[in-house]
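The values are calculated or read from the model by the stated rules, or taken from the named source; none is laboratory data. Predicted model, so just to flag it, every value in this text is computed and none were measured. Glycine gets a Cβ as well: all are built from the backbone with ideal geometry, and neighbour counts include every protein chain shown. Areas reflect the complete protein model, heavy atoms only, side chains present, ligands, DNA and RNA absent. Shrake-Rupley method; radii C 1.70, N 1.55, O 1.52, S 1.80 Å.
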Amino acid sequence: MKKKTEDAGGEGVGGCFSLIQGFFLSVSVSVSVSILLSCVVFRCAMVSLSTWVRYIAHKLEYSASIGWKSYKGGQITDRQLGDAVWKNLFQGKLTYMLWNKGEEMAPTIAGKAVTLVRKIPIADPKSVFVGDVVVLKDPEKPDNYLVRRLTAVEGYEMVSTDEKDEPFVLEKDQCWVVAENEKLKAKEANDSRIFGPVQMTNIVGRVIYCLRNAVDHGRVQNSDYSMQKDSPVLEVELDVDEMAKSQKD
């Protein structure tokens, strides 16, 4: 596949920051200190200050994205936006556990593996990248979720190995995902070779860690940029013991 020179563009979440700018400017130093104190609840003793700073920055970005998404969807008003961002900043995590159900991503993810997924509230070419292992809504069964490797995004020219198929370029907000198990036929793999391009908005997360068993676990190989971005999140939120326990349950 070849990359077509084209600017992705997009609205992004920039508008969110302008709407809540006044809110954050009014936050006092004492409140900033309280953020750090609340973070101690996690695993402060094992994490450096620089990692905490990067982690909090990611939490702020995530909270702003969630607030902006709710605002655009008409779920909250502009007056409620600041409170929503603040609530998301203090509550919850940036990750969740997901249990593997098939062999489509073997050998990267196989068997009864437990994975740690980083939440992606607004998926676009600036938040997920070619090479990432992503969690997405099944385009044919919206209530189900698939784990696949992202191999192309908008602007990429797709060329089939079958000469009967005409090349085409992925349109804005489209992407191409594939399974990794080479032993499976296309129909069994259930990926873009079957259902075609999918919307970026179908992507809800990126798999960043996989536990196959108590002694076989580690980071999932994603794009270099994503690996860097996810490092502070992993250092703060990864709990291998909890993942192993959930696997036994």
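May I ask you to rank ASP162, ASP138, ASP124 by accessible area, largest first, using a 1.4 Å probe over the protein chains only?
Of ASP162, ASP138, ASP124, the descending order of accessible area is ASP162, ASP124, ASP138.
When a/c reaches 1.5 or more, the comparison of a/b and b/c decides; with that in mind, is the stretch 42-105 rounded, prolate or oblate per its Cα gyration tensor?
Oblate, since a/c reaches 1.5 and b/c is not below a/b.
Can you work out the FRET efficiency for the pair LEU49 and LYS126, with r the C-beta to C-beta distance and R0 = 30 Å, to the nearest 0.05?
Taking R0 as 30 Å, the efficiency between LEU49 and LYS126 is 0.65.
Please tell me the relative contact order of the stretch 143-186 in percent, rounded to the nearest whole number, where contacts are Cα pairs under 8 Å and at least six residues apart.
Relative contact order, the stretch 143-186: 44 percent.
How far apart, in nm, are two points set 7 Å out from the Cα along the Cα-to-Cβ line at GLN228 and at LYS141?
3.9
Work out how much length GLU157 to LYS183 would gain on full extension: take 0.36 nm times their residue separation and subtract the Cα-Cα distance, in nm to one decimal.
Full-extension gain reported as 6.8 nm.
For GLU154, which sequence-distant residues (separation of 5 or more, or a different chain) have an amide H within less than 5 Å of its own amide H, given hydrogens modelled in the peptide plane?
Those qualifying (amide H under 5 Å, at least 5 residues apart or on another chain) are ASP173, GLN174.
Can you give the local net charge around TYR62? Use residues other than it whose beta-carbon is closer than 11 angstrom to its beta-carbon, Lys and Arg +1, Asp and Glu -1.
Net local charge, TYR62 excluded: +4.
Please report the relative contact order for the stretch 120-249, taking Cα pairs under 8 Å with a sequence separation of at least 6, and give it as a percent rounded to a whole number.
26
Report the accessible area of GLU235, computed with a 1.4 Å probe over the heavy atoms of all protein chains in place, in Å² rounded to the nearest 10.
80
Would you rank SER127, SER226 by solvent-accessible area, highest first, keeping every protein chain in place and using a 1.4 Å probe?
In descending accessible area the options line up as SER127, SER226.
Run the 1.4 Å probe and let me know the accessible area of LYS59, rounded to the nearest 10 Å².
10
How far apart, in nm, are the 7 Å Cα→Cβ label points at LYS72 and ALA244?
4.2
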